[in-house]
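Following: one structure in structure tokens, then a few remarks.
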Amino acid sequence: MEVGQKEILQLMKGGNRSAFDDIFRSYYKYLFTIGFTYLKDEHLAKDIVQDVFMDLWNRREKIEIEYSIKYFLRRAVINGSLATLRKTKRISYDVTAISENVTVDDNDKLAYKEMSQIVRDAIISLPEKCQKVYCLSRDEGLSHKEISQRLDISTKTVENHITKALKIIRIELKRMGLISILLIIQFLIGESPY
């Protein structure tokens, strides 16, 4: 974490409202953009960001931020947005919209590219049938029934192949230390994982 960030975080933890206001002004617009990209609803996005900042202030003395305030807040907004989507059954995983509409810094872009390559490599390493089922599901958006008809296999076999593929990809991401809710959702999930 940068020196300036450490100082402002320490001031906020000590109850300095001005330090908190600086954090709010610095990241509100960025966080709103992320929330809106997921939720496609201005009011919901504002609510999520407001909740994140309220939580930051209320838990300021106990919060541990390892990397950066920006990363911590971004992760909180993404998690809050996904939780809202699950509750309202409005899940939409449009990777293109997310990647084009969210302003990201060079570190984010690098992590995104690295994650993309790891996922592509993991998919290529899948057994042939498993890879085909996964790609028909995720790339072509076919339902389990459509895949079973196209490949002349049972829907249970389709489910087993997709489960196996996701497990292998997640294991590889964990092994590489790159597991992240946002990127897993972007790359892996065509439906809610919960």
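Farther than 30 Å from I48 by Cα, in a helix (DSSP H, G or I) and either modelled with pLDDT under 90 or aromatic (F, W, Y) (or both) - does that describe any residue in the stretch 184-191? First the steps, then the outcome.
To start, the set of residues in the stretch 184-191 that are farther than 30 Å from I48 by Cα comprises none.
Within the stretch 184-191, none of the residues are farther than 30 Å from I48 by Cα, in a helix (DSSP H, G or I) and either modelled with pLDDT under 90 or aromatic (F, W, Y) (or both).
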Within the stretch 56-72, of all residues that are surrounded by 14 or more Cβ atoms within 10 Å (Cβ to Cβ) and in contact (Cβ under 8 Å) with a residue 12 or more places away in the chain, the one farthest from S26 (Cα to Cα) is I63
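Starting from residues that are hydrophobic (A, V, I, L, M, F, W, C) and in a helix (DSSP H, G or I), keep the ones in the stretch 125-161 and report whichever is farthest from I171 (Cα to Cα).
Quick first cut of the stretch 125-161, residues hydrophobic (A, V, I, L, M, F, W, C) only: 126, 130, 133, 135-136, 142, 147, 151, 153, 158.
Cutting the leftovers down to in a helix (DSSP H, G or I) gives us 130, 133, 135-136, 147, 151, 158.
Numbers: C130: 16, V133: 19, C135: 18, L136: 21, I147: 25, L151: 27, V158: 20 Å.
Result: L151.
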Screening S154, S143 for residues that are more than 19 Å from I118 (Cα to Cα) and within 24 Å of the chain's Cα centre (by Cα) leaves only S143
Contact list, first residue from the stretch 145-156 and closer than 13 Å to C135 by Cα and assigned by TED's automatic domain parsing to the domain that holds K132, second anywhere and assigned to a helix (DSSP H, G or I) and among the basic types (K, R), beta-carbon distance below 8 Å, six or more apart or interchain, is L151/K129; L151/K132
Taking first residues from the stretch 1-29 that are more than 14 Å from S68 (Cα to Cα) and second residues anywhere that are loosely packed, with under 13 Cβ neighbours inside 10 Å and modelled with pLDDT under 85, the pairs with Cβ under 6 Å that are 6 or more apart or on different chains are K13/E61
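Residue by residue, here is whether (1) β-branched (V, I, T); (2) surrounded by fewer than 18 Cβ atoms within 10 Å (Cβ to Cβ); (3) modelled with pLDDT under 65 holds:
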site: G35; (1), (2), (3): no, no, no
site: E100; (1), (2), (3): no, yes, yes
site: Q117; (1), (2), (3): no, yes, no
site: D121; (1), (2), (3): no, yes, no
Of (1) among the hydrophobic types (A, V, I, L, M, F, W, C); (2) modelled with pLDDT under 80; (3) buried (at least 18 other Cβ atoms within 10 Å of the Cβ), L136 fails just (2)
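Being closer than 11 Å to V77 by Cβ and assigned by TED's automatic domain parsing to the domain that holds A83: is that true of D41 here?
Working: closer than 11 Å to V77 by Cβ: no; assigned by TED's automatic domain parsing to the domain that holds A83: yes.
No.
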Per the list (1) modelled with pLDDT of 85 or more; (2) not basic (K, R); (3) not in a helix (DSSP H, G or I), residue check on V52 breaks on (3)
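I want to confirm something. Restricting to the stretch 1-33 and keeping residues that are β-branched (V, I, T) and surrounded by 17 or more Cβ atoms within 10 Å (Cβ to Cβ), which single residue is nearest to I78 (Cα to Cα)? Spell out how you get there, then give the answer.
The first filter runs over the stretch 1-33 and keeps only residues β-branched (V, I, T), leaving 3, 8, 23, 33.
Those still in the list that are surrounded by 17 or more Cβ atoms within 10 Å (Cβ to Cβ) too: 8, 23.
On the way: I8: 23, I23: 18 Å.
The extreme case among them is I23.
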- Return yes when E61 is in the same structural domain as I78 (by TED's automatic domain parsing), acidic (D, E) and not in a helix (DSSP H, G or I) and no when it is not. yes
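The values are calculated or read from the model by the stated rules, or taken from the named source; none is laboratory data. Predicted model only: the values in this text are computed from it and were never measured. Note that we place each Cβ from the backbone using ideal geometry, even for glycine, and neighbour counts take in every protein chain shown.
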